Amino acid sequence: MDFAQAIKSCFNQYAGFEGRAPRSEFWWFALFQIVVLLIAGVVSQVVYGIAALALLLPALAVGARRLHDIGRSGWWQLLTLTGIGTLVLIYWWVQPSGE
């Protein structure tokens, strides 16, 4: 999956938490999100806040679908609330697809 396909797929499944997302889709969307937030942050804090809110739901959805792809529940994303749990999630997100 290339960059454009990944972004299109994530926005087509804006709030779709079922199914699977390959590594490429997840990481291309993560790159897109970082770039958009960096540009929005340069423009203004208000634009940054709007962009962050707009990208929050699709980021959670693709993260849950990526975890499903390796055989884990999307609820594991709650580990980000602990701080150190983010490292565990990154480790899982870079794993090859299950099955």
(request) May I ask you to list the residues in region 41-99 that are of a type in the set (D, E, K, R) and in contact with a helix residue (DSSP H, G or I) (Cβ under 7 Å, 6 or more places away or on another chain)? (result) Arg66, Arg72
(request) Test Trp28 against the criterion of being assigned to a helix (DSSP H, G or I) and at pLDDT below 95, and give yes or no. (result) no
(request) Give just the number: which of (1) of a type outside the set (Phe, Trp, Tyr); (2) exposed (fewer than 12 other Cβ atoms within 10 Å of the Cβ); (3) closer than 18 Å to Phe11 by Cβ does Ile39 not satisfy? (result) (2)
(request) Give region 71-95 a look and list any residue that's in contact with a Gly (Cβ under 6 Å, 6 or more places away or on another chain) and either at pLDDT 95 or above or surrounded by 17 or more Cβ atoms within 10 Å (Cβ to Cβ) (or both), or say none. (result) Gln77
(message) Looking at Gly98 and the list (1) part of a helix (DSSP H, G or I); (2) exposed (fewer than 13 other Cβ atoms within 10 Å of the Cβ), which single condition is not satisfied?
(response) (1)
(request) Would you mind telling me which numbered condition in (1) surrounded by 12 or more Cβ atoms within 10 Å (Cβ to Cβ); (2) hydroxyl-bearing (Ser, Thr, Tyr); (3) more than 20 Å from Trp93 (Cβ to Cβ) Ser44 fails? (result) (1)
(request) Filter region 12-28 down to residues that are touching a residue at least 40 places away in the same chain (Cβ under 8 Å) and loosely packed, with under 13 Cβ neighbours inside 10 Å and give me whichever is farthest from Leu57 (Cα to Cα). (result) Gly19
(request) Residue by residue through region 47-69, note down the ones that are crowded, with 17+ Cβ neighbours inside 10 Å and either more than 12 Å from the chain's Cα centre (by Cα) or within 15 Å of Ile34 (Cα to Cα) (or both). (result) Tyr48, Ala51, Leu55, Pro58, Ala59, Val62, Gly63, His68, Asp69
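The values are calculated or read from the model by the stated rules, or taken from the named source; none is laboratory data. Since this is a predicted model, take the numbers as computed values, not measurements. A quick note on method: Cβ atoms are made from the backbone with ideal geometry, for glycine too, and the neighbour counts reach across all protein chains shown.
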